[in-house]
1. With respect to residue 127, determine if the residue is over 15 Å from the mean Cα position of the chain (by Cα) and under 21 Å from residue 198 (Cα atoms).
2. Checking residue 80 against (1) over 19 Å from residue 386 (Cβ atoms); (2) under 16 Å from the mean Cα position of the chain (by Cα); (3) of a type outside the set (D, E, K, R), which test does it fail?
3. Is there any pair with a first residue in the range 142-157 that is assigned to a loop (DSSP other than H, G, I, E, B) and a second that is aromatic (Phe, Trp, Tyr) whose Cβ atoms are under 8 Å apart and which are 6 or more apart or on different chains, and what are they?
4. When residues of the range 201-219 are filtered for being β-branched (Val, Ile, Thr) and more than 14 Å from residue 241 (Cα to Cα), how many remain?
5. On the basis of being at pLDDT below 95 and small (Gly, Ala, Ser), does residue 338 make the cut?
6. Across the range 242-281, what is the number of residues that are touching a helix residue (DSSP H, G or I) at 6+ places or on another chain (Cβ under 8 Å) and farther than 29 Å from residue 50 by Cα?
7. Between residues in the range 306-318 that are without any contact (Cβ under 8 Å) to a residue 24 or more places away in the chain and residues that are among the small types (Gly, Ala, Ser), which pairs lie under 7 Å by C-beta distance while being six or more apart or on different chains?
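The values are calculated or read from the model by the stated rules, or taken from the named source; none is laboratory data. Predicted model, so just to flag it, every value in this text is computed and none were measured. Here the Cβ positions follow ideal geometry from the backbone for every residue, glycine too, while neighbour counts run over all protein chains shown.
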Amino acid sequence: MHDMVSSMRFFPRARFALLAQLFLLLLSFSICAQAQLRTDEGLGGQWRINSIARLMSGLPPMLPAHVEYAESESWQQHSASMKAGWDRMRNGQIAAMTAWRDTAVSPTCPSGKTLLYPFSGPDFFNAWWMFPDCETFVMFGLEHIGQVPDFDSLPDRQRERLLADVRAATTDFFKRNYFITENMAKQLRTAQLRGVIPVVMISMAVSGLDVLRIVPMQIPAVARAENEAAPRGRPMRNLRGVSVEFRVPGTPTVRRLNYFSVDATDRGLAHHPEFLRYLRSLGQTTTFVKSASYLLHGREFKSMRETLLDVSGVLVQDDSGIPYSALVERGWQVSLHGKYNVPIPPFQRAFQAQLDQAYKSQGAAPLPFVFGYQFHDARDQRSNVMVGRRGNAPRPARNADNQRLPASIHALLGH
């Protein structure tokens, strides 16, 4: 080292070149460190919400005020845990699911521009990666709407509690690719983590999406005729929901997720007939049903089942969705994928003999990703998907000129 320094005294050009290289290296490090930082002008006033979403999901924040906290040991541990979970989803689920979708369903939104996802809970993640070309996502479930965590006002101990609640709320999803209703009832009602909004924010963050606006959404109650008796139970009130506007960075299209917290049984909808009217106003939809506790098999969901059959142009579901026999009766064309067997406990009674026979006769190919209810064990091959098309609707042709996902999204997939 001494010899090199001495020689530089006699060769100022070499010394200048070395200093220049060091400067450029430091500059590149600075640019990389600030690459995630963005301004209010660049994100329509929602940069703070997006930065909070990134902190919860284990990604570097984009708000300068959050950078110091992201350097803490507790956040670094949280980030490592979340990153491991998302990496498993990306490597073992997303790439295979999207490749299968392009061939078996459609590389674009298959029917209309609206995706309808009943009994979704907070699972925006699968809806987006299965149908990223849809412009409106309508989701509903019993889970309440909730709110954006007030991260900036929380003391460090409560911030750590919030991150721990996030890890608890996403554990089932990372492990099974679905949320368990009974667990969500507790996990999404903690002091720091409330409702589906935080989980949706996390899903959007890890999917590389920008949240533009989160606003209440209300469907006015339908007036009843004078001779129409009001249903027993709670009085009529406006059905409330939330609309999350978002976009893929670098694209002009503003997309929307409309989520409603609603009891979709016949009895529950008797108080809110406006919700079925709203669903029918969407036009022909692409409908997605996954891990739905076989609710649509029950008599108490007749109104919802009939509505979904009426509004759907294309239906992508596992066996927990609309019974196969109902699709056959309506004259739907149904292609089967994966393997069908007796459902896992406690849903064994939902076994469909007609669907079982159809799988045996069609000789469906194995599904290259996990889907719906199964044990997530290499020996368990009960992942199944039905792709239904109304009547004699033609199968959408695969077109090389269809919209491509932006490079930022492909980067998330490791393409």
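1. Judged against the criteria, residue 127 is not a match.
2. (2)
3. 145/259
4. Qualifying residue count for the region: 3.
5. yes
6. Total meeting the criteria: 10.
7. 309/326
For (1) of a type in the set (Gly, Ala, Ser); (2) closer than 20 Å to residue 121 by Cα; (3) modelled with pLDDT of 95 or more, each residue gets a yes or a no:
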| residue | (1), (2), (3) |
| --- | --- |
| 286 | no, yes, yes |
| 296 | no, yes, yes |
| 303 | yes, yes, yes |
| 308 | no, yes, yes |
| 311 | no, no, yes |
| 323 | no, no, yes |
| 334 | no, no, yes |
| 342 | no, no, no |
